[in-house]
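The values are calculated or read from the model by the stated rules, or taken from the named source; none is laboratory data. From a predicted model like this one, the values you see are computed outputs, not experimental measurements. Cβ atoms come from the backbone with ideal geometry, glycine included; neighbour counts cover every protein chain shown.
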Amino acid sequence: MKTRNIVLGFLSGAAVGSIVALLYAPQKGEHLRAEINRKAARVADDVNEYLRHAATRTSDALRNLTRKPLKAA
């Protein structure tokens, strides 16, 4: 859970930082909007990939738990 929060925090910070940097960069509005859209799509792809990976790992872990016999105390 901590790792997930760290990764999501990092990705959120990177997205906000990228947008702020783009807003302060001297560009025409059309170019700026296109760049923001590209960066936002890249961040969304990264988040989706992370979530797919996390779902796969969670599914694998649950499958492994159900396969292991319970030990008597």
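Details
- Tally, over region 23-43, of residues that are loosely packed, with under 11 Cβ neighbours inside 10 Å and among the small types (Gly, Ala, Ser): 3
- Residues that are modelled with pLDDT under 80 and in a helix (DSSP H, G or I), drawn from region 23-55: LEU23, TYR24, GLY29, LEU32
- Looking across THR66, THR58, one residue alone is more than 15 Å from the chain's Cα centre (by Cα) and at pLDDT 85 or above. It is THR58.
- Exactly one residue out of VAL7, VAL20 is part of a helix (DSSP H, G or I) and either surrounded by 11 or more Cβ atoms within 10 Å (Cβ to Cβ) or modelled with pLDDT under 80 (or both), and it is VAL7.
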